[in-house]
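Structure, as structure tokens:
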């Protein structure tokens, strides 16, 4: 019961955080969300995204 409540609250907080960050990115530059999503794309033949490869 408690675990389910914690999971529900956590999911709501994640949605609010995502919405806040997405709005801030769009306000900074309307193309920024597109650029950020492109960093997460895994190129054909690769195993990790550019963002993940750059962080290693």
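Derivation of every value follows stated rules applied to the coordinates shown; laboratory data play no part. Values in this document were obtained by computation on a predicted structure and should not be read as measured data.
A few notes on this one:
- Nearest 10 degrees, 0 to 90: helix 2-28 Cα axis against the chain principal axis: 40
- Note on the chain: with a GNM built from Cα contacts shorter than 10 Å, the maximum mean-square fluctuation among 21, 42, 34 falls on 42.
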